[in-house]
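**Student:** Can you read through this structure? Questions will come right after.
The values are calculated or read from the model by the stated rules, or taken from the named source; none is laboratory data. Model, not experiment: these values are computed from the prediction. Using ideal geometry, Cβ is built from the backbone for each residue, glycine included, and neighbour counts are taken over all protein chains shown.
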Amino acid sequence: MSSYRYTLFADYFQFYLQDEKVDGNLSDAWTEQAVQDLLAIAPGTIGVGTVRNMDVPVEVELLQSTPSESFDAWDQVNECDIEIRSGTLVIAGCTDYFPDAARIKVEPGSYRARVYYGKLDSLSEDGLDGDDHYKVSLWMSEPSGLRILKRRSCP
């Protein structure tokens, strides 16, 4: 297992994980349902919705197989697929300067992504401060579509 920690500016309440060689355009993917699910998907790209439009802590971990972590400590858990053909995964806020964004070298192929959302209800009254945090676990897997494994109780 490899784990990487970032602080990303979640401008427009989102950050991206994407194959370095795709355009990462999620404009049509942020449907009303995607906003509710806090997850938008396009070829080679995952948009993770956040509850703050500020810097947020994000952990990305690469695993050998499906994680067995309990969902008890998390408010919401989603799963989806991402194809990373280039062998480079980019992690960035949606308005970050792409050439300077964080990168992780991975084996090219199809991955399953489990996105964990924590402490979503910890925001200050003005919505600028909070203890919300996000984790994305990735492992090689055949595509199996979007699944909401745990939905937060009150969005």
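**Student:** From Thr66, Thr88, which residue is of a type in the set (S, T, N, Q), out of contact with any Asp or Glu (no Cβ under 6 Å at 6 or more places or on another chain), over 25 Å from Thr31 (Cβ atoms) and modelled with pLDDT of 95 or more?
**Tutor:** Thr66
**Student:** May I ask you to say which residue of Val60, Val48 is in contact with a strand residue (DSSP E or B) (Cβ under 8 Å, 6 or more places away or on another chain) and surrounded by fewer than 21 Cβ atoms within 10 Å (Cβ to Cβ)?
**Tutor:** Being in contact with a strand residue (DSSP E or B) (Cβ under 8 Å, 6 or more places away or on another chain) and surrounded by fewer than 21 Cβ atoms within 10 Å (Cβ to Cβ) holds for just one of Val60, Val48, which is Val60.
**Student:** So, one more: Do the conditions hold for Asp100, that is, is it more than 27 Å from Glu142 (Cβ to Cβ) and of a type in the set (D, E, K, R)?
**Tutor:** Numbers: more than 27 Å from Glu142 (Cβ to Cβ): yes; of a type in the set (D, E, K, R): yes.
Yes.
**Student:** Just to be sure I understand the filter: pairs with C-beta atoms under 7 Å, separated by 6 or more residues or on different chains, first member in region 30-42 and touching a residue at least 24 places away in the same chain (Cβ under 8 Å), second member surrounded by fewer than 19 Cβ atoms within 10 Å (Cβ to Cβ) and not hydrophobic (A, V, I, L, M, F, W, C). Which pairs pass?
**Tutor:** Pairs that qualify, where the first residue is touching a residue at least 24 places away in the same chain (Cβ under 8 Å) and the partner is surrounded by fewer than 19 Cβ atoms within 10 Å (Cβ to Cβ) and not hydrophobic (A, V, I, L, M, F, W, C), are Gln36/Pro155.
**Student:** To continue, here is another question. Being modelled with pLDDT of 95 or more, in a strand (DSSP E or B), touching a Ser or Thr at 6+ places or on another chain (Cβ under 7 Å) and at negative phi, is that true of even one residue in region 122-133?
**Tutor:** no
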